[in-house]
Amino acid sequence: MSECIVVTSGKGGVGKTTTSANLAVSLALAGNKVVVVDADIGLRNLDVILGLENRIVFDLVNVIEGECKLKVALIKDKRVPGLYLLPAAQTRDKNAVTPDDMRRLVADLKKEFDYVLIDCPAGIEQGFKNSIAGADRAIIVTTPEVSAIRDADRIVGLVEAHELPEPMLILNRYRPGMVSRGDMMSREDILEILAIDLLGVVPDSEEIITSSNRGQPIAFDDDSPIGAAYRRIAGRIQGEDIEIPDFTPKTGFWPTFKKWMGLSGQEAY
Amino acid sequence: MLDVIRKMFGQPSKGNGSSSDAKQRLKFLLVHDEVALTPAQLDMMKNEIMDVIKRYVEFDAEGVEFRLDKGDGHIALVSNVPVRRVNNTRD
Ligand SMILES: Nc1ncnc2c1ncn2[C@@H]1O[C@H](COP(=O)(O)OP(=O)(O)OP(=O)(O)O)[C@@H](O)[C@H]1O
Ligand SMILES: [Mg+2]
């Protein structure tokens, strides 16, 4: 059975592209055949996060306009079997594609792949409508901030109106230390307000930045707790029952002492 | 110093509790978003309604409550207008 999942948020910059890349990697590592589609036409980013930017010849708009075969436009990742990227066009705008085009494209991709992930652009206009058109399920990414959650609430309503029932939430850039100090809404607070199922929590981490500097998604890193968080989310997407940990920072003498000595600049999980 | 020791042993230091502000503001915002009525518009409506009430009864303007409330599933416009007793004896 094949499934198309759109990763969306409403508000920009909350982590849709980072999430799409890492979930695509995690699902492929679990043995699935996965294609991740960059639907942010005009603002191509996913290729850079995945480290595949030097291999683009054709893009999504070329495929839709019939200038090349779908298979030719797909970029095969060499680090893990079964991972492919369909890049966005950089020099076109969102109106080059319609929801019907996307429905046809997704139907074609679903014949070949177990999972089709769509990295949705910010906003609720054309790019959003295109991105959700062919999807079976929606993942909504938010950060624990008032403005991002307000937009997520709006998106929940919009995806439900487009017959994508039961969207799931990924809470990104979570900072357990701030939560325990009472300076960040807890995941319980947020779930109470949004009334939507939690798919996973991803802590705020410098590792996300260093891994995107290198074009090597953190999900590839076996030793990283952030990579592990993405791999667990991928497990849940596949229907596994995996607990969502608290991400309570390790406290006590040694972690704190190390932090003081600058041995680890961040909260440890 | 105590604080330093507490930090060394990893007890969370106190923040300024801004998360409860965030939660309150967010709840308020989402209820207003849902009925597409801004807090300022609600205030205008309140003033118009109070002008009508004023024509019939005397009330304590300070004690007026007028807000949107989200119960289970539905949103209600909740108002409480404390009416002043009048002395009904005629001369
Ligand atoms: N968990 C995290 N910890 C730290 N930084 C993060 C995390 N998630 C995302 N970021 C950073 O936030 C920035 C925005 O992320 P990203 O590009 O994935 O967001 P987006 O929702 O796709 O943005 P846009 O709306 O522009 O498409 C990036 O610099 C990324 O490195
Ligand atoms: Mg993006």
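When DSSP beta bridges are restricted to pairs lying wholly in the stretch A:3-260, around 5% turn out antiparallel. For the stretch A:27-178, the fraction of C-alpha pairs more than 19 angstrom apart is 55%. Once the C-beta distance of B:Phe66 and A:Arg103 is scaled by a Förster radius of 41 Å, the resulting FRET efficiency is 0.30 to the nearest 0.05. At an R0 of 25 angstrom, the distance between the Cβ atoms of A:Lys33 and A:Glu207 translates into a FRET efficiency of 0.40. Shielding by partners for peptide A:175-182, expressed as the average number of C-beta atoms from other protein chains within 10 Å of each residue's C-beta, is 4.
Take the stretch A:126-175, drop everything but the C-alpha atoms, weight them equally and run the Debye formula without solvent; then report log10 I(q)/I(0) at 0.20, 0.30 Å⁻¹ to two decimals. Each listed q corresponds, in turn, to -0.68, -1.18. For the residue pairs A:Lys33/A:Lys78; A:Lys78/A:Lys110; A:Lys76/A:Lys129; A:Lys16/A:Lys129, the alpha carbons lie more than 18 Å apart in A:Lys78/A:Lys110; A:Lys76/A:Lys129. Note on A:Cys68 and A:Ile244: their simple-model spin labels are 3.9 nm apart, each label 7 Å out from Cα toward Cβ. Only beta bridges with both residues in the stretch A:3-120 are counted; by DSSP, about 10 percent of them are antiparallel. A Förster distance of 35 Å, applied to the separation of the beta-carbon atoms of B:Asn80 and B:Asn16, puts the FRET efficiency at 0.60.
Semi-axis lengths, largest first, of the ellipsoid equivalent to chain A are 31, 21, 16 Å, with √(5λ) applied to each eigenvalue of the Cα gyration tensor.
When peptides B:43-53, A:57-67, A:157-167 are sorted by average Cβ neighbour count within 10 Å, with the highest value leading, the order is A:57-67, A:157-167, B:43-53.
No value in this document is a laboratory result; all are computed from the given coordinates. Owing to the predicted nature of the structure, the values given are computational and were not obtained by experimental measurement. Note: ideal-geometry Cβ built from the backbone for every residue, glycine included; neighbour counts use all protein chains shown.
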